[in-house]
1. Tell me, which residue of region 90-123 that is over 17 Å from the mean Cα position of the chain (by Cα) and among the polar types (S, T, N, Q) is modelled with the lowest pLDDT?
2. Among H274, H292, which is at pLDDT 95 or above, open to solvent by 30 Å² or more (accessible area, probe 1.4 Å) and within 15 Å of I178 (Cα to Cα)?
3. Can you name every residue in region 295-329 that is over 14 Å from the mean Cα position of the chain (by Cα), surrounded by fewer than 24 Cβ atoms within 10 Å (Cβ to Cβ), among the small types (G, A, S) and within 19 Å of G273 (Cβ to Cβ)?
4. Looking at L252, L265, can you tell me which residue is open to solvent by 10 Å² or more (accessible area, probe 1.4 Å), assigned to a strand (DSSP E or B) and not β-branched (V, I, T)?
5. Quick check on region 192-242: of everything there that is over 17 Å from T173 (Cα atoms) and among the β-branched types (V, I, T), which residue is most open to solvent (accessible area, probe 1.4 Å)?
6. Can G183 be described as crowded, with 19+ Cβ neighbours inside 10 Å, out of contact with any strand residue (DSSP E or B) (no Cβ under 6 Å at 6 or more places or on another chain), within 30 Å of V262 (Cα to Cα) and at pLDDT below 95?
7. Return the total of residues in region 19-47 being out of contact with any strand residue (DSSP E or B) (no Cβ under 8 Å at 6 or more places or on another chain) and open to solvent by 30 Å² or more (accessible area, probe 1.4 Å).
8. Somewhere in region 71-79, is a residue out of contact with any helix residue (DSSP H, G or I) (no Cβ under 7 Å at 6 or more places or on another chain) and either closer than 22 Å to L103 by Cβ or touching a residue at least 24 places away in the same chain (Cβ under 8 Å) (or both)?
Amino acid sequence: MTPLSSGNPVKVLVVDDSVLMQKLMTQIINSAPGFEVIGIAGSAEEGWDAIQELRPDVVTLDLELPGRHGLKLLARVLKQDPLPVLIVSAFGGPGADNTIQALELGAIDFIEKPDGTTHTLDGFMKHLVAALQRAAGSRKMLAAARQVAQVAAAVPARPAAALSREPARSGKTSLIAIGASTGGVPAVQTVMRDLAHLRLPIVVVQHMPPGYTAKFAARLATATGLDVREAADGDKLRPGMAVVAPGGPRHLEIEERRGEFVCVLREGPLVSGHSPSVDVMFHSVARSVGSHAVGILLTGMGRDGADGLLAMRKAGAETLIQSGETCVVNGMPKAAYELGATERVVPLTQIGTAVSQLIGERPNLRTA
């Protein structure tokens with residue numbers, strides 16, 4: 001995709017069958033500095049034709065469309081062109097699983113439609129503009145990440161050269177902690193699939209609202225073969241088990257109690273702009289697990305997780321970040337690197353191999 005020159009607005013195509021939503025989103029987007037609606041489509045077929053004709057920079061997509069489902073349009077678009085697609089979905093319920101599938105396919109992000117109660121019009125306006133800004137900022141990275149992924153998928157993975165000089169860990173690794181945000185759904189799935197053979201407890205914070213994290217956990221369980229669940233207060237972590245922090249006002253922390261690692265959910269203010277926060281989880285792992293943990297920070301906007309990953313490194317844990325060229329948004333990993341939270345910058349499809357090396361286990365090498 002040819003990037004826009006400075007000063008030109010970001011061109012947005014709205015795909016939604018609701019005339020009310022079409023008008024509302026057009027008004028919001030055209031009022032946002034630097035954005036312009038260049039077309040509206042009411043079905044998947046119209047959306048495909050408009051993308052070919054208008055060549056938008058960003059697409060907003062409602063998944064529940066007449067005729068062909070929005071997921072089919074998304075898969076078709078992303079197969080052809082690394083175009084940022086923002087899902088605009090109904091809140092939770094049956095639509096949550098479709099939204100998770102859309103993120104797995106490569107949608108950049110999602111926001112929830114206003115429902116007049118929990119999800120207000122003012123909140124929708126704010127979240128739509130912020131999500132469009134994330135999508136616009138991801139255009140170059142999205143293209144580069146998909147090119148890297150295509151090359152990696154065609155070549156058997158090998159241990160990263162930068163890690164070959166590292167000795168295997170002398171201590172026992174007890175837990176793996178993963179943090180992610182924008183673009184993180186497929187990234188977390190990739191990493192967990194490549195780490196499943198280690199049978200170590202895994203803790204995940206992926207920025208998501210309530211109603212989606214349980215679906216995300218269920219799909220991770222199917223993809224990885226691990227016992228993955230939405231974390232509940234008091235859950236005891238076991239080998240082969242993974243937990244996903246529930247969306248909402250509570251932060252996930254890990255505590256050691258009588259030799260076991262236990263999930264603790266605590267309400268609190270936003271930390272690093274988020275709840276649940278990667279920073280909160282990483283800091284708790286640094287305190288409770290120390291040098292017997294591995295911390296992994298993946299794609300995401302902002303800097304949540306950077307401070308916590310530094311705390312883990314200072315506590316003696318192994319820490320890794322996803323390489324910028326394989327991130328959808330290189331915000332959180334870049335912030336961690338600039339803090340000195342890690343020396344290890346690893347492409348997404350090599351993270352499992354790198355972690356296996358660091359803890360002295362034989363990696364499961366990916367093949368085409």
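The values are calculated or read from the model by the stated rules, or taken from the named source; none is laboratory data. Keep in mind that this is a model prediction, so the values were computed, not measured. Reconstructed Cβ throughout: ideal geometry from the backbone, glycine too, with neighbour counts over all protein chains shown. Ligands, DNA and RNA are excluded from the accessible area calculation, which covers all protein heavy atoms including side chains. Shrake-Rupley method; radii C 1.70, N 1.55, O 1.52, S 1.80 Å.
1. T118
2. H292
3. A311, the sole residue that qualifies.
4. Sole residue among the options that is open to solvent by 10 Å² or more (accessible area, probe 1.4 Å), assigned to a strand (DSSP E or B) and not β-branched (V, I, T): L265.
5. Here the answer is T222.
6. It is true that G183 is crowded, with 19+ Cβ neighbours inside 10 Å, out of contact with any strand residue (DSSP E or B) (no Cβ under 6 Å at 6 or more places or on another chain), within 30 Å of V262 (Cα to Cα) and at pLDDT below 95.
7. 8
8. yes
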